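First up is the structure itself, then whatever we jot down about it.
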Ligand code: NAP
C-alpha cells in the first residue's frame with residue numbers, strides 16, 4: 001500500500017499498518033529539510049503529476065492508496081484522485097477535523113491566503129503573526145504598514161512582507177510558548193490556515209486568552225467523489241478491511 005504523507009496522521013497510519021504486518025510505503029514531497037520519517041519504506045519527491053502517479057501505482061503494483069497529506073496540499077490530493085481512477089486503485093483520504101471557534105474567539109474566515117493577506121493589510125496597525133506557510137508570503141509583500149512576525153519551518157524564498165521578523169520553528173507548540181511569542185512581539189492579529197489537529201492548536205488558545213483576533217483560511221475542498229475519514233483509526237480499519 002502507498003501512503004501519501006507529510007503529516008502526523010500519515011506517520012501514525014504507517015506505524016499501525018507496519019505493525020499489522022503490511023508492506024507499506026510512504027511518499028514525502030521532499031519539501032522540508034530533515035522531515036520526520038515514517039516507519040516502513042519511504043520514497044521522496046514528486047511523481048510528475050497525475051500521469052506519473054498513475055504509472056507509479058501500476059509499476060509498483062499498489063493495491064491501496066491513502067491520501068494522508070495536509071488538508072491544504074490540494075494539488076497532490078487532486079492528483080491522487082485522478083491517478084487512482086486511472087490506475088483503478090481504491091483511494092481513501094484522511095482529513096483531521098478542522099478547528100471550530102470557541103467562546104471568546106474573534107475569528108474571521110476567508111477563502112484563501114490572498115484574502116487573508118488583504119484582511120491583515122486592512123486591520124488596525126500593529127504586529128501580525130502569520131503562520132500560513134512560507135510559500136504564499138508574496139501575498140503580504142505589499143503591506144508596509146504592519147509589522148509581520150512570520151513563522152515557518154524552513155526559510156522562505158521570494159517576496160516577503162517588507163517589515164518582517166522571521167521565526168524558524170516546527171511544532172508541536174505549547175500554549176505557554178505561544179503566549180510568550182505573542183506577548184514578546186506585541187501581536188495584534190493572528191493569521192492561520194484551518195489546519196486542524198492538536199500539534200499547532202496552541203496559538204488559537206493563546207489568541208483567545210490575549211483577546212487577539214484571528215483570520216482563518218478555509219480549507220480547499222477535497223476532489224469530488226473521494227471517500228474520506230477523519231481519523232487514523234478509521235483509516236487503519238479501512239485499509240485492513242481491504243488487505244483481506
Ligand atoms: P501540493 O501543493 O498539493 O503538491 C505540489 C506537488 O508536490 C504535487 O503535485 C506533487 O508533485 C508533490 N507532492 C506533494 N505531496 C507529495 C507527497 N506526499 N509525495 C510525493 N509528492 C508530493 O503539496 P504541498 O502543499 O506543497 O505539500 C507538500 C507536502 O507537505 C505534502 O506531503 C503535505 O502533506 C505536507 N504538508 C503541507 C502543508 C501545507 O500547508 N500545504 C503543511 C504541512 C505538511 P508531482 O506533481 O510531481 O507528483
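Of the strands (runs of 3 or more DSSP E) lying entirely inside region 134-200, not one contains at least 3 residues that are in the same structural domain as residue 71 (by TED's automatic domain parsing). Count of region 17-34 residues, restricted to those that are surrounded by fewer than 19 Cβ atoms within 10 Å (Cβ to Cβ) and away from the ligand (no atom under 12 Å from the Cβ), is 8.
May I ask you to say which residue of 233, 186 is surrounded by fewer than 17 Cβ atoms within 10 Å (Cβ to Cβ) and over 19 Å from residue 151 (Cα atoms)? Break it down stepwise before answering.
Working: 186 fails: over 19 Å from residue 151 (Cα atoms).
The match here is 233.
All of (1) within 11 Å of the ligand (Cβ to nearest atom); (2) modelled with pLDDT of 95 or more; (3) surrounded by 15 or more Cβ atoms within 10 Å (Cβ to Cβ) hold for residue 52 with one exception: (3).
Given 237, 206, which one is modelled with pLDDT of 95 or more, in contact with a helix residue (DSSP H, G or I) (Cβ under 8 Å, 6 or more places away or on another chain) and more than 16 Å from the ligand (Cβ to nearest atom)?
Working: 237 fails: in contact with a helix residue (DSSP H, G or I) (Cβ under 8 Å, 6 or more places away or on another chain).
Only one candidate passes the filter, namely 206.
Inside region 201-230, residues that are within 22 Å of residue 149 (Cβ to Cβ) and in a strand (DSSP E or B) make up a count of 4. Every condition in (1) free of Cβ contacts under 8 Å to residues at least 40 places away in the same chain; (2) more than 7 Å from the ligand (Cβ to nearest atom); (3) closer than 14 Å to residue 223 by Cα; (4) surrounded by fewer than 21 Cβ atoms within 10 Å (Cβ to Cβ) is met by residue 75 except one, and the failing one is (2). For region 153-169, the criterion of being exposed (fewer than 15 other Cβ atoms within 10 Å of the Cβ) and under 17 Å from residue 217 (Cβ atoms) is satisfied by no residue at all.
The set of residues in region 85-123 that are buried (at least 17 other Cβ atoms within 10 Å of the Cβ), touching a residue at least 60 places away in the same chain (Cβ under 8 Å) and within 15 Å of the ligand (Cβ to nearest atom) comprises 91, 92, 93, 94, 95, 96, 99, 113, 116. Taken as a whole, region 12-22 holds at least one residue that is more than 22 Å from residue 194 (Cα to Cα), in contact with a strand residue (DSSP E or B) (Cβ under 9 Å, 6 or more places away or on another chain) and in contact (Cβ under 8 Å) with a residue 24 or more places away in the chain.
The values are calculated or read from the model by the stated rules, or taken from the named source; none is laboratory data. Given the structure is predicted, the values throughout are model-derived calculations rather than measurements. Please note: Cβ atoms are built from the backbone with ideal geometry, for glycine as well, and neighbour counts cover all protein chains shown.
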